[in-house]
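Just below is one structure, and these are the notes that go with it.
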Amino acid sequence: MKYANKKDLMNVIDKSAEELHLKIDMQCHLMTAILEQDLGGGNIKELFLPSCYPKEARLKEAVKETVDVLEESRKAFKSKRLEALRKKLTHVLIESG
């Protein structure tokens, strides 16, 4: 069994700590917003800014682009599987807000 070296372990720890700091910063941002304003009517989703989660924002944009391409090509390719995939990705985008 191959063991990770010390440098690899330090890189994993640094990455994990960085992700925790981002989550803590977001939590502070949310708490501040809650204390400063009324968040009725589903406004809390507006607080999750894509800039705070760049990987998720890029992934969401890629899924949206995929859906757009599938939508444009649906007349050229009469595939039930592609249609099902397009619908599934559309639902995922809707659910993610």
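Laid out as a table, the results:
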{"quantity": "Of 64/88; 60/88; 7/60, those spanning more than 22 Å from alpha-carbon to alpha-carbon", "calculated": "7/60"}
{"quantity": "Residue-by-residue Karplus 3J(HN,Hα) for region 69-85, coefficients 6.51, -1.76, 1.60, Hz, glycine and proline x", "calculated": "5, 4, 5, 5, 9, 5, 6, 6, 10, 8, 10, 5, 5, 5, 4, 5, 5"}
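Here, each number is a calculation from the coordinates, and none is a lab measurement. This structure is a prediction, so every number in the text was calculated from the model and none was measured.
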